1. Project the alpha carbons of the stretch 509-665 onto their principal axes and report the range along each, largest first, in whole Å.
2. How much length would be gained if the chain were fully extended between residue 362 and residue 104, taking 0.36 nm per residue of separation minus their Cα-Cα distance, in nm to one decimal?
3. Cα gyration tensor of the stretch 329-389, axes a ≥ b ≥ c as square roots of the eigenvalues: rounded (a/c below 1.5), prolate (a/b > b/c) or oblate?
4. Across 5 Å bins from the origin, how do the percents of Cα pairs in the stretch 356-440 run, short distances first?
5. Please compute the volume of the convex hull spanned by the alpha-carbon atoms of the stretch 258-337 and report it per residue in Å³.
6. Quote to one decimal, in nm, the extra length available between residue 647 and residue 633 on full extension: 0.36 nm per residue of separation minus the C-alpha distance between them.
7. Aspartates and glutamates within cross-link reach of residue 625: Cα-Cα under 12 Å, excluding same-chain residues under 8 positions apart?
8. For a quick protection proxy, order the peptides 155-161, 298-304, 320-326 by their average other-Cβ count within 10 Å, most packed first.
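The values are calculated or read from the model by the stated rules, or taken from the named source; none is laboratory data. Predicted model, so just to flag it, every value in this text is computed and none were measured. With ideal geometry, Cβ positions are generated from the backbone for all residues, glycine too; neighbour counts draw on all protein chains shown. Note: accessible area is taken over every heavy atom of the protein model, side chains too, but ligands, DNA and RNA are not part of it. Shrake-Rupley method; radii C 1.70, N 1.55, O 1.52, S 1.80 Å.
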Amino acid sequence: MAFKFLQRFRSWNLTVKPLCFPTSVAYLSRHTGTHGKVLCPVCLWTRSSRCMLRQGCQRYRYDCQSMSLSTTRDPLYLTGGSVCLHADASDRFRLTNQQSATLDDEGFVEQLGHCSSSRHVFKLLLSLQTMSDMMAASALQRIAELERDANALKDPAVLDHDVLKALCFQFEQDSKRLTDTGLVRALHACTQLLVDPWSTLMIRLVSESQERLDRGAMAIKDLCVLAQALLALEGPDCAMLKPVIEQIQGHKMTEWSLENLTQVYSMLQAGVGVGGRYQNLLNSMNTYTISVASSLSPSSISQILNSLVVLNQTQAIPLVIMLCKHTVKHVSRFSDGELVHVLEALMHFGHSDQYFVDALEKHVPKNTFTMEAEAVTKVLQYCGRRLILSKAIFDAVAESFVYRADSYSTSQIARQIMPFGKLGYLPPNAGELFCKVEGILQTRFSQFQPRTLLNLLHCCTLIERFPVNFVAKVFNPYFLQQLEAWGNGLDKILLSQLTQLFMTVKLECPFYKGPNLLPKYRVKSFLTPGRSLETPVDILLYNRVKAGLIDLLGARAYFASRVLTPYCYTLDVEIKLDEEGYVLPASHHEIIYRRIALCIDGHKRFCANTHHLLGKEVIKQRHLKLLGYDVVQIPFYDFDKLWDRAEIVEYLHKKIFPHSYRLSW
């Protein structure tokens, strides 16, 4: 094969000498120059003033073989393998510079995008007569995209392919002839391919990058790529990163192109700006971006929002709001991946916009059958997180779920169904939808993570879809042990979900004969700080209702507030009646004929901008009725219309005592 490869590459005018990249630090530390001086094993210069990190060659002349240039974040980097060229690699290979390239670089990159495997990339390269350094670097990057899997290569043997070795060797030999863009992109691609950082190729690319950085003439886009390559090599503490950022800051921000702005955000997001580093630069960029937000492309808006999330720029809410304002006109133009980033940012910063929701309502129903599963899931997740009940979106997703769910991951299945329960909404095809969910649970039950499964089953109960066939498995001690072992043990919300699931089975599924939930997994109250299965009462609304009740009943002693029942629910107000319908004092604990539970429902107990109760409030009222309470709902949208004291008393009398005459106290 090597012989055939040589024949094909002779037409490229390549000049390659037999060489094997050194893989041991010992070899590098003993490498000598033409005058017998020991060279710096990092930059290959004999003078400390030219050393890559300007620390002096003494820092890197280790006879004890203890040097390290690899990133501390990726222990697999050094074991990724070095690129070795054998004696028969090629002797007629030369890269042309960008200006003399005979093939359009953009066209070549487009062809690379159509390559679905490294083999296709190599085949494309073999078909070329000449190649620019940009094209070669793009080819390396595409191979890295196809082969990189987390912290390793899917197929490490790709590094031994003759074409790849010839490309890498030519980058080594022609490092000084490369354009700035070709140089830094090749370096970055090599870090992604896990090429040995102590190989001659990597050392020469890094030293050449240092030399050009010293000249101070590199463009912002090239500085950003260089920074990401250095980050992969040595992490955020790399000494070379500081002059890179200083040169970026040396360019006047108002003269940056919009592409440069996005590139700097991406570079900081990649790890350079993590941990609060270069916050002053970020603050300036956040302020400047507000002024140019209207001119940003959809991809730039998505990328910047994603960067703000990764860098946790909680102080940049004005920028998030401005970018959200401009996403409205781009919703249909976002790719699925870009839309996911936008939705993640809006959830992260807790922002929603009605115009953005309107745009989603136009876009999603028309594309639910063609959108990527994660994009559809993220739309539902966003609606659930922001309590947005869009029937157009929910109905369309419910319809597509029936046909597409078999290809979804278990996480995507749960995240698409859970918002239906959270918002308490049943779509028109509820029967088909939950038959599909039940079928998936039967065939893939063991594939669900314990917490994901519990969340899914619990949300089904909120809308009266009872998972009786699976409750016995959930109450099984083995599953509960798995649930406890997964994550940080059983927190309050998980125990509350288990308890409410148990109560639902007992109250609404009397035919259930399976195992019960052990007492140690039950809670005494569903109302807890933070996440809770009950929404705390709105204090302002409660105070107005309380004043009206005092006027109606004659004294504060005739009703109790925030009453914790034996059934874990907390009543906003409880009124006790005797057999003849007279109101009893709240302190009365003997025979009580009727109990009235007042649910004082503020805005937070409803879906956003609607009068539709959330699922957790619906199940609470449903269970209280089954437990014997007379449930009376006092919704904010009715009570807010009442300001006169007499109107409030009359309203409460009709709600609480609809069949009795008004009494005079």
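1. Here the Cα extents, ordered largest to smallest, are 53, 42, 27 Å.
2. The span from residue 362 to residue 104 would gain 89.0 nm if fully extended.
3. In terms of gyration-tensor shape, rounded.
4. Distribution as computed: 3, 15, 32, 29, 17, 4, 1 percent.
5. That works out to 83 Å³ per residue.
6. Residue separation times 0.36 nm, minus the Cα-Cα distance, leaves 3.3 nm.
7. Qualifying aspartates and glutamates at Cα under 12 Å: 508.
8. So the peptides 155-161, 298-304, 320-326, ranked by packing, come out 298-304, 320-326, 155-161.
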